[in-house]
Each structure stands twice: as structure tokens, then as C-alpha cells.
């Protein structure tokens with residue numbers, strides 16, 4: 001009997017250390033069984049996953065990957081701030097700032113929602129003001145009853161930023177809020193507005209500079225500008241492109257704020273430009289947090305490292321701590337089966353907290369449908385509360401730090417983002433890159449690659465491209481205010497499938513039934529269940545309803561079963577072995593019975609010509625273009 005030592009439980013003490021080469025040999029054996037005869041590093045490469053920006057996720061990380069070629073991660077609260085902008089992270093404040101967004105135009109209704117949030121866990125407000133939300137004249141009513149010295153306010157006013165900011169400052173004074181107690185952000189973001197609208201208004205530059213001069217002089221804890229990277233993420237950009245655009249925008253603002261004078265529209269007492277330290281303190285950065293938890297963690301860590309490098313190059317290394325506001329991605333939110341969005345935002349919120357974001361906004365699960373109701377806002381704010389209070393996520397500073405994978409991904413992402421940032425700078429800076437179309441062109445190329453992956457279901461969307469529920473009850477919400485148009489597009493992962501489902505919904509409303517497909521299952525359940533399930537999910541992703549349960553058929557019975565189904569198209573489903581015996585006969589019988597299109601689930605291999613000559617029109621399989629197939633079949637069924 002082995003007696004455990006007093007100093008621990010060394011359960012693996014008697015086992016020899018495994019080597020990397022031994023692990024590779026085990027991988028080789030597994031791959032060999034799947035038909036891939038590769039050895040050594042090639043075996044490891046076969047298990048790697050390609051990401052955007054030329055990055056690759058490897059299946060195994062060791063201490064050999066820990067050395068960061070672009071510099072150490074440092075300590076929390078010290079340059080390069082990779083591990084956090086302050087030594088205690090969010091632990092000192094008891095968690096990150098829970099920031100809820102409000103854009104309901106009616107000031108009274110907005111006030112009701114604002115007060116409910118603040119009374120139930122929200123610690124700051126993100127208000128859409130002007131054309132995209134509460135009118136500037138209604139800001140006072142929307143903030144009625146809000147203790148402005150306790151609840152920071154971040155404005156999102158677009159072209160109305162000057163009027164909205166001045167009104168908020170007036171409210172501070174009218175309610176006796178001491179300047180040193182005012183916190184939040186006035187939301188000036190001329191380049192973000194240009195990205196949204198396609199128009200760069202010099203008056204917004206002047207307003208931003210004037211507000212920065214004013215807040216720097218009178219409101220020590222209030223920031224005037226936000227570097228909003230969401231327009232680039234929402235246009236389909238990658239993580240590195242989002243970071244690079246934010247760096248270029250931040251640098252453009254530093255140049256403007258430190259230039260002599262503040263331009264037309266400035267306060268008469270504003271004086272010369274700000275020093276670099278004061279200019280850095282005027283900026284807050286806003287990033288998207290997605291359900292790709294590790295990429296989100298690495299993105300926020302890389303953003304702080306990169307901004308610290310910018311501050312160092314500007315001669316203010318000690319002022320390079322980046323303040324971050326993370327917002328759960330709107331691109332990942334779906335309109336169908338929106339309840340699944342709760343899971344996506346939970347993962348994104350967790351990643352934002354682990355990544356060290358100072359403030360986190362969880363978008364309500366119904367954000368893609370319209371204005372959220374009280375239940376959706378409650379779930380959104382409680383997502384942060386549970387992670388902070390019950391999961392204790394904020395009690396550890398940089399919990400991902402030291403992970404070989406996270407450190408390596410952080411470094412590689414930082415390098416890719418810096419390269420894109422340099423390209424923007426060579427093009428004349430962010431304003432010129434937006435004006436010339438460089439940013440739009442590059443983001444569009446990235447989104448096109450991702451759209452292909454979505455269409456082929458290599459990037460699955462639960463409830464939309466995978467496991468859709470055609471019988472779900474639609475969620476109805478008040479329409480949200482129109483967002484600015486004319487600039488970068490706003491994309492969503494579900495857009496192609498949403499268009500297909502909309503066609504099906506219109507057909508249902510017009511005829512009383514959805515378009516249908518007959519699943520011709522061959523042989524016993526053990527032979528056909530896998531491909532029947534695959535085909536059913538595929539067709540339902542396009543709003544095409546499988547007829548009841550799959551009917552087991554053969555060449556002699558399939559015609560009658562198909563006619564009885566009333567479906568205009570059919571899909572043959574079974575094993576390769578049964579296809580060899582029956583598929584040709586079944587396909588011919590389906591065509592004879594009037595099937596407009598006959599599909600076969602699976603790759604045909606060498607038998608493709610035989611199946612086609614018998615009547616099979618298309619083959620559907622994992623990795624095929626689902627969107628193209630579904631669009632084609634709806635066209636053939638004359639579903640408008």
C-alpha cells in the first residue's frame with residue numbers, strides 16, 4: 001500500500017513524463033484509422049484549425065509556445081497592460097461595470113426601463129440619443145430620478161453628439177453633481193460616425209476636440225471620445241481588422257487632440273491642444289465580444305498591448321492603459337430561435353470578463369428583432385450578475401494569463417492587427433482608408449469568406465442552420481429606431497438563412513402550408529437514421545418541411561408513398577450499401593411519380609453517373625453549399 005506524502009497528492013508521480021513525439025505517434029494512429037496516412041508534424045497540422053487573419057489554432061500547446069516574440073505580457077496594471085489596465089483588475093470594484101444599452105425613443109418609456117435596470121444590478125447606462133434613440137430634448141426626462149453622481153452615462157448620439165453632450169453637462173450642473181463626480185463618456189466619435197454613414201463631417205471633429213478640452217479641464221473622470229470598433233466588426237471584419245481599425249482611429253484622435261487649438265466651434269477658453277497624457281485619458285475603446293471565447297479573450301488582451309505600444313511611441317508609456325467597453329456581438333444574434341442568443345451572450349460576457357473588459361454590455365436576446373422588453377433586459381443584466389456574484393469570475397485578475405494557448409493567440413492576433421494598422425497608416429490614416437474604400441474592401445473580402453463557411457454550414461448556427469424549429473412561435477417586438485445608413489454594411493450570420501425562412505413564411509401565409517420535401521428512407525432505421533436526420537435539418541434550415549416521419553420505401557413502394565405525401569420534391573436517405581442496391585431504382589420511380597427534384601443524401605463517389613442517369617438531380621452532404629441548394633429548390637417549387 002502506497003502512503004501519500006503529507007505535502008500533496010502526486011497521483012502521477014510514478015508515471016514517466018510523456019513526450020511530444022509520443023503524443024504525435026498516438027495522433028498518427030488515430031488519423032490512420034480515418035484514412036489519413038501522415039506522420040510527425042504533419043499529423044499535428046492535420047488537427048489544426050485555420051482562423052481569419054492567417055492565424056491557426058493548434059491541437060496542443062506546450063511551454064515551447066510560451067515565449068512571446070513581441071514581448072512579455074508583464075504584470076497586471078503595468079505596461080504593456082496585456083494582463084489588465086490596473087493591478088487589481090475588476091476585483092477592487094467587485095466586478096466589471098454592468099452597462100445596459102437603451103434606445104427607446106419615448107423618453108418616459110426609456111426612463112421606466114432605465115430605472116428598472118439601475119434598481120436591479122446595472123451600474124451604468126449606454127444611451128442612444130438623437131436620431132437613433134431618445135431626442136436630445138428628452139434626455140432630461142429619460143434620466144429623471146437617476147443619481148448622476150452614482151450612475152455613469154455613456155452617450156451614443158452620432159451627429160447629435162454636441163447637443164447631447166452639452167445637455168448632459170447641463171443636467172450635471174442643474175442637479176448639483178460635482179465635476180469630479182461626473183463619470184462616463186460623452187460619445188464623440190467622428191470616424192465611427194463616418195464608418196456608419198459614409199460621410200466624414202468636419203464639424204464633428206471640431207465638436208470632439210472642444211468637448212475633450214472642456215472635460216479635460218473641468219471633469220477629471222469624464223471622457224469625451226469613444227473609439228468604437230463595432231462598425232468594423234458589424235461589417236464582417238475579423239478580430240485583427242477590428243483591432244487595427246481601432247488603433248488607427250485612436251491615433252487619429254490623439255493627433256487631433258494634441259494639435260494646437262481645437263478648431264471651429266471650440267470653447268473660447270479651450271486654449272492649445274491637450275498634452276499626450278491628457279489626450280490618452282479622453283479615449284474609451286469599444287469592442288465586440290463573441291461566442292468564440294478564446295478569440296475574444298485574446299482580442300481584449302491584445303488591444304491593451306497594442307495601445308500601450310502606441311502610447312509608448314508617443315512618449316507616454318505610463319499613460320497607455322486602455323479603458324475597454326465590451327459589447328456582445330450583434331452579428332452572432334439570430335432572429336429565429338432567439339432564446340439561443342442567451343447562451344451566446346453568456347459565453348461572450350464570460351469571455352469579456354475574463355479578457356479584462358472594464359465595462360460589459362450584454363445585448364438582450366431579442367436585440368435582432370426589435371426593442372427589447374423588460375424580460376429580455378432582465379436576462380441581459382442578470383447574465384453579468386451571475387458571472388460576477390455566483391461564478392466569482394471577477395475575483396481573479398487575468399484568469400487566462402499563463403495559458404500557453406491564450407498567450408500565443410494574444411501575441412499572434414496582436415501581430416496581425418499591427419500589420420493591418422500599419423497598412424491603414426500608410427494609406428493616410430483611418431479617415432483616408434474609409435474614404436478610399438480600403439477598409440470596406442478588406443472587410444467585405446473577410447465577410448465573403450465567412451459567408452461561404454456559413455453557407456456550407458462549416459460554421460453552424462444553432463436554431464438556424466442546425467436544428468431549426470419550423471413550428472416555433474414568432475417573437476414580436478416594437479421596431480427599433482433606424483440605424484444610420486450609407487457607410488459600412490451591417491451583417492448578421494443568419495442573413496442568408498433568414499431570407500430563405502422569410503420565403504417559406506410568405507408561402508405559409510399565402511397557401512396555409514409550408515413547402516415540403518419527402519424523405520425516402522431505405523432499409524431499417526439503423527441504416528437511414530443518420531442521413532434522414534441530416535436531410536431533415538438541412539431542408540428545415542430553408543423553411544422546407546419534411547413530410548411527417550420518414551417513410552421506409554423501396555423501388556416498388558416509393559411512388560405511392562411520394563404521391564400520398566403531396567410534396568413536390570424528394571430526398572433519398574440511407575447507407576452507401578443500400579444506395580448501391582436500391583438508390584437508382586428509387587430515384588427512377590420518384591421521377592416517374594412526378595418529383596420535380598430528387599436529392600440523395602451523401603457523397604455519390606464513383607456511382608455519381610449511375611445515380612444521375614437514374615434520376616438523381618443533386619447530392620447533399622456535409623460541406624455542400626446549403627444556401628445554394630435551398631435557394632434552388634425553393635425556386636423550383638416557385639416559392640416566392
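What follows draws every value from the coordinates through simple rules; no lab data is involved. What you see is a predicted model, and the numbers here were worked out from it, not measured in a lab. No Cβ is skipped: glycine too gets one built from the backbone with ideal geometry, and neighbour counts run over all protein chains shown.
If you average the C-alpha positions of region 565-610 and of region 107-137 separately, how far apart do those two centres end up, in angstrom?
57
Given 10 Å bins starting at zero, what is the percent of C-alpha pairs of region 503-593 in each, up to the one with the largest pair distance?
With 10 Å bins starting at 0, P(r) equals 18, 48, 27, 7, 0.
Which angle from 0 to 90°, rounded to the nearest 10, does the C-alpha axis of helix 293-313 make with the longest principal axis of the chain?
30
What is the spin-label model distance, in nm, from residue 506 to residue 18 if the labels are put 7 Å beyond Cα along the C-beta direction?
Result: 5.5 nm between the two label points.
Can you give the Rg to Rh ratio for the chain, taking only C-alpha atoms and Rh from Kirkwood?
Expressed as Rg/Rh, it is 1.04.
Assuming R0 = 35 Å, can you tell me the calculated FRET efficiency for the pair residue 166 and residue 276, based on Cβ-Cβ distance, to the nearest 0.05?
0.85
If you average the C-alpha positions of region 170-185 and of region 276-337 separately, how far apart do those two centres end up, in angstrom?
Each part's Cα centre sits 26 Å from the other's.
Tell me, what is the FRET efficiency for residue 640 and residue 389 to the nearest 0.05, using R0 = 56 angstrom and their Cβ-Cβ distance as r?
0.65
Compute the Rg to Rh ratio over region 76-174 from the alpha carbon atoms, using the Kirkwood formula for Rh, and round to two decimal places.
1.06
Within 10 Å of each residue's Cβ, count the other Cβ atoms and sort 447, 307, 404 from fewest upward.
Going from least to most buried by this count: 404, 447, 307.
Mind checking the angle between helix 341-355 and the chain's longest principal axis? C-alpha axes, 0 to 90 degrees, to the nearest 10.
Taking Cα atoms only, the helix is inclined about 50 degrees.
With runs of 4+ DSSP H residues as the only contributors, calculate the mean residue ellipticity of the chain at 222 nm using -39,500 (n - 2.57) per run, divided by the residue total and rounded to the nearest 500.
About -13000 deg cm²/dmol.
Counting other C-beta atoms within 10 Å, which of 491, 226, 639 has the fewest, and how do the rest follow?
Least crowded to most crowded, the residues run 491, 639, 226.
Give the percent of DSSP beta bridges with both residues in the chain that are antiparallel, rounded to the nearest 5.
If we restrict to bridges inside the chain, about 5 percent are antiparallel.
Calculate, in nm to one decimal, what residue 382 and residue 564 gain on full extension: separation in residues at 0.36 nm each, minus their alpha carbon distance.
60.5 nm
What list of whole percents do you get for P(r) of region 97-431, with Cα-Cα distances grouped in 10 Å bins up to the one holding the largest distance?
Taking every Cα pair in region 97-431, the percentages come to 6, 26, 36, 25, 6, 0.
On a 0 to 90° scale, report how tilted helix 438-455 is relative to the longest principal axis of the chain, with both axes built from alpha carbons and the result rounded to the nearest 10.
Relative to the chain, helix 438-455 is tipped by roughly 30 degrees.
By counting other Cβ atoms within 10 Å of each Cβ, how are 403, 391, 504 ranked from fewest to most?
With the fewest neighbours first, 403, 391, 504 line up as 391, 403, 504.
Using 0.36 nm per residue of separation minus the Cα-Cα distance, give me the extension gain between residue 65 and residue 374 in nm, one decimal.
Difference between extended and current length: 106.6 nm.
Run the simple label-point estimate for residue 92 and residue 178 please: 7 Å along Cα→C-beta, distance reported in nm.
1.9
Would you list the P(r) distribution for region 115-252, with all Cα-Cα distances sorted into 5 Å bins from 0 and each bin expressed as a whole %?
In order of increasing distance, the bins hold 2, 10, 19, 22, 20, 14, 9, 4, 0 percent.
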